[in-house]
1. For G12, are the conditions met, namely being closer than 18 Å to S114 by Cα and either at pLDDT 95 or above or surrounded by 11 or more Cβ atoms within 10 Å (Cβ to Cβ) (or both)?
2. Consider D313 carefully, then state whether it is at pLDDT below 95 and over 25 Å from P251 (Cβ atoms).
3. Among the residues of the stretch 242-252, how many are on the phi > 0 side of the Ramachandran plot and open to solvent by 60 Å² or more (accessible area, probe 1.4 Å)?
4. Regarding Y299, is this residue over 24 Å from Y181 (Cα atoms), buried (at least 16 other Cβ atoms within 10 Å of the Cβ) and modelled with pLDDT of 90 or more?
5. Which one of these is open to solvent by less than 30 Å² (accessible area, probe 1.4 Å) and at pLDDT 95 or above: A167, A200?
6. Of a type in the set (G, A, S), at pLDDT 95 or above and closer than 13 Å to G347 by Cβ: does that describe S283?
7. For the stretch 15-49, give me each residue that is in a strand (DSSP E or B), open to solvent by 50 Å² or more (accessible area, probe 1.4 Å) and more than 30 Å from N3 (Cα to Cα).
8. Quick one: count up the residues across the stretch 296-315 that are on the phi < 0 side of the Ramachandran plot and part of a loop (DSSP other than H, G, I, E, B).
Amino acid sequence: NTNTHETKTVAGYGQATWTLLDELSLETGLRVSWEKKNREGNTHCTTASGAVCPPAGLFGPDIPDRSESFTTTKVQYRVALQYEPTADAMFYASVANGFKSGGYNQLRTPVNVSDQFSDENSINYELGARTSWLDRQFVFNLTGYFTDYDDFQAQVFDGSAITILNAGRLFSYGFESDVLYMPEAIENLRVGGALSLNLARYDRFTGGVSTVPQQVALTEGVGSPFPAGVACSFGVNCSQDLSGKPLDNAPEWDVSAFASYEYPLPAASIALFTRADYAYTGSLYLDQDLDPNLFQSGYHLLNLRAGLRAEDDAWSLTLWATNVTNSEYLVIGFDVPVISGYAGVRGPPRQVGATLRLNF
């Protein structure tokens, strides 16, 4: 594949803050962007013997030179109302829009099939609070959000290339929160954590890639999950309707917590430190087609470390252990329809080690 991409962007933006009352302010922002994308490229394939790949081959046929371009102009805005009743509390409400520019799927796209995908557009609504308590020993933040995506750019793997499809409409909503406690009575102790819920669902997506079991069932004549009259053969992805289904690689729940403590040894100009980190990632699908064979159950991770460091940070010695419980999980997973199989990358197993750092 020989491809050249060129992007030209021009943008102008401004922001203003309006003080309505002593505790109340209005923030406004506006940005205008113009973008032009050019792409020139081709695909050429030969077999081991030097012959040109047949049209029906996995990597064929050749795609002649394509010279394409498109332009887009977007107006983005943000409006936020901010209320600060005290020096330790701030509440806000905001609405803003955004976009992710379109582009080209450059690999092995047939001449009669458009290789362009459109801009992704979104509108985001937020309500939030930023607070501190007990003379700022305790911090608590909370944000609720709702995001409406139009022409969401879904990344898919069809067995021979990674491509992007415009999925139609997607809703994502939930909340994020975090806490931090720094007790005055125990100096250098920090305890904190975060909790978030994200519900991401396709409202409209009729062109989702089919799963391996769906294609195998059709190939073996066991029964087709596709509409009558739809041509579909092994190695060629027929679409499925994912409207109302969850977004892949988007766990609903994420939980994290940490505790750290540092104890100085003044006589030796050395500090002893310890830290524990815990994280829980909720269940999710690893691939856009929501194949049940690529469903990752929720998993827990625990990392520990302790060590000594010089007060001037000239050196430090750390003993550490990651994934202490040796949880098994996949960080990447995808199906390969052309071989009726799957591939994945496991997360790192339990690891134990020591690190010595010298600064000079």
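1. No; evaluated as a whole, the condition is false for this residue.
2. So D313 passes the test.
3. So the answer is 1.
4. For Y299, the condition - over 24 Å from Y181 (Cα atoms), buried (at least 16 other Cβ atoms within 10 Å of the Cβ) and modelled with pLDDT of 90 or more - is met.
5. From the options A167, A200, the qualifying one is A200.
6. Here the answer is no, as S283 does not meet what is asked.
7. Q15, T17, W18, T19, L30, R31
8. So the count comes out to 5.
The values are calculated or read from the model by the stated rules, or taken from the named source; none is laboratory data. This is a predicted model, so every value here is computed, not measured. Heads up, the Cβs are rebuilt from the backbone with ideal geometry, glycines too, and the neighbour counts pull from every protein chain shown. The accessibility values were calculated without ligands, DNA or RNA, using every heavy atom of the protein model including side chains. Shrake-Rupley method; radii C 1.70, N 1.55, O 1.52, S 1.80 Å.
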